[in-house]
């Protein structure tokens with residue numbers, strides 16, 4: 001089987017992913033980071049009244065012309081305590097920021113431009129225009145305006161906006177449920193005794209973090225030994241529990257102990273086994289079992305994390321109805337690079353100055369796919385295209401930011 005380009009694998013895994021239709025209603029305070037299920041209209045106008053933008057005096061602008069005369073102070077308007085009378089000719093009302101404008105007043109004279117006289121009247125020291133320092137009703141938004149569009153991520157600002165629009169609860173898209181299953185006789189959980197031929201299972205925890213970062217809900221299916229019957233039961237469990245994605249880690253190659261392919265096939269999975277034209281992460285398995293999507297990741301830590309970054313995270317976003325792409329950025333090489341072979345190389349690297357318009361991206365010297373410590377220190381994946389010629393430091397490059 002020939003090596004499949006990264007872009008083709010991405011299209012097959014993510015391209016036909018339809019957004020989840022299931023929704024749930026959450027209290028406003030629990031909705032941060034979730035995806036809004038439908039357009040959110042404003043339930044009121046903001047502000048709901050003409051309000052002062054400054055501390056000062058509400059008045060009729062025509063009362064202070066070329067030669068201002070003293071005005072009578074007839075009351076006070078504060079936030080939450082409006083002046084209930086009327087501002088007539090020759091009157092003014094002491095007003096504070098956010099307070100409702102009194103009837104009859106059309107402008108605010110800021111307090112720095114006014115003098116309180118000994119007899120209690122106010123002497124304006126400058127004129128004002130109609131509407132000066134006044135926030136008109138509905139200037140922020142009006143009742144019925146769409147505050148947040150459907151499938152928008154609920155950021156801190158959007159949560160505050162929804163509250164201002166008088167929404168105590170929000171309808172959000174259900175998180176995609178991602179079951180994560182590590183496989184292999186050699187694996188033991190963190191904290192357990194480690195035998196002479198065993199290693200500590202770590203990939204599941206990193207994959208769970210990537211799922212959460214993409215907006216999904218990770219489900220820990222634990223560690224399965226190299227036994228087809230056990231792995232098959234866990235596939236059946238994923239179907240019964242109606243998870244959206246089953247991710248297996250390890251066993252995705254074609255060795256005698258690589259059982260994921262045969263188990264998937266025994267369950268009737270419509271399966272593509274791909275040898276991807278990429279490094280790390282050449283063995284990758286993907287398929288469908290009814291609505292369940294299955295993704296078999298390689299077992300080496302860097303291979304597992306890189307393939308999850310490239311394929312699993314966009315798949316989760318696609319199921320949420322979000323834009324799902326491989327988020328390449330433009331950068332500058334921080335070191336010389338040798339010519340590449342037929343596989344796309346995703347090199348663990350660091351970003352020199354993340355605030356730079358075009359940042360410098362420098363690769364680590366060690367790139368073995370088993371080196372989790374290198375991946376943990378990386379904040380970027382530097383892309384070397386298939387058959388890329390040798391390149392010098394300072395030349396352009398493409399990279400992916402690791403979160």
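The values are calculated or read from the model by the stated rules, or taken from the named source; none is laboratory data. If you're wondering where the values come from, they're calculated on a predicted model, not measured in any experiment. Note that we place each Cβ from the backbone using ideal geometry, even for glycine, and neighbour counts take in every protein chain shown.
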(request) Give the residues of segment 360-378 that are assigned to a loop (DSSP other than H, G, I, E, B) and modelled with pLDDT under 95, sorted by residue number. (result) 365, 366, 367, 368, 369, 370, 371
(request) Mind telling me which of the residues 27, 102 ends up being assigned by TED's automatic domain parsing to the domain that holds residue 130 and at pLDDT 95 or above? (result) 102
(request) Hey, could you check segment 50-67 for residues that are surrounded by 14 or more Cβ atoms within 10 Å (Cβ to Cβ) and in a loop (DSSP other than H, G, I, E, B) and say which is modelled with the lowest pLDDT? (result) 64
(message) Could you tell me how many of the residues in segment 215-238 are part of a helix (DSSP H, G or I) and over 25 Å from residue 35 (Cβ atoms)?
(response) 10
(request) Determine which member of the set 307, 350, 325 is crowded, with 23+ Cβ neighbours inside 10 Å and closer than 30 Å to residue 389 by Cβ. (result) 307
(request) Could you please find all residues in segment 25-45 being surrounded by fewer than 20 Cβ atoms within 10 Å (Cβ to Cβ) and either farther than 30 Å from residue 165 by Cα or over 19 Å from the mean Cα position of the chain (by Cα) (or both)? (result) 25, 27, 41, 43, 44, 45
(request) Go over the candidates 85, 90 one by one and state the one that is closer than 27 Å to residue 112 by Cα, touching a helix residue (DSSP H, G or I) at 6+ places or on another chain (Cβ under 9 Å), exposed (fewer than 15 other Cβ atoms within 10 Å of the Cβ) and outside the structural domain of residue 217 (by TED's automatic domain parsing). (result) 90
(message) Looking at 294, 322, 381 in this structure, which one is over 16 Å from residue 6 (Cβ atoms) and part of a strand (DSSP E or B)?
(response) 294
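Per-residue answers, yes or no, for (1) out of contact with any strand residue (DSSP E or B) (no Cβ under 8 Å at 6 or more places or on another chain); (2) assigned to a loop (DSSP other than H, G, I, E, B); (3) surrounded by fewer than 20 Cβ atoms within 10 Å (Cβ to Cβ):
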{"site": "120", "(1), (2), (3)": "no, yes, yes"}
{"site": "130", "(1), (2), (3)": "no, yes, yes"}
{"site": "158", "(1), (2), (3)": "no, no, yes"}
{"site": "162", "(1), (2), (3)": "no, no, no"}
{"site": "178", "(1), (2), (3)": "no, no, no"}
(message) Checking the conditions here, which among 385, 342 is modelled with pLDDT of 95 or more, at negative phi and surrounded by fewer than 16 Cβ atoms within 10 Å (Cβ to Cβ)?
(response) 385
(request) Could you tell me which of the residues 84, 76 is on the phi < 0 side of the Ramachandran plot and assigned to a strand (DSSP E or B)? (result) 76
(request) Only one of these is loosely packed, with under 13 Cβ neighbours inside 10 Å and at positive phi: 191, 184, 195, 215. Name it. (result) 191
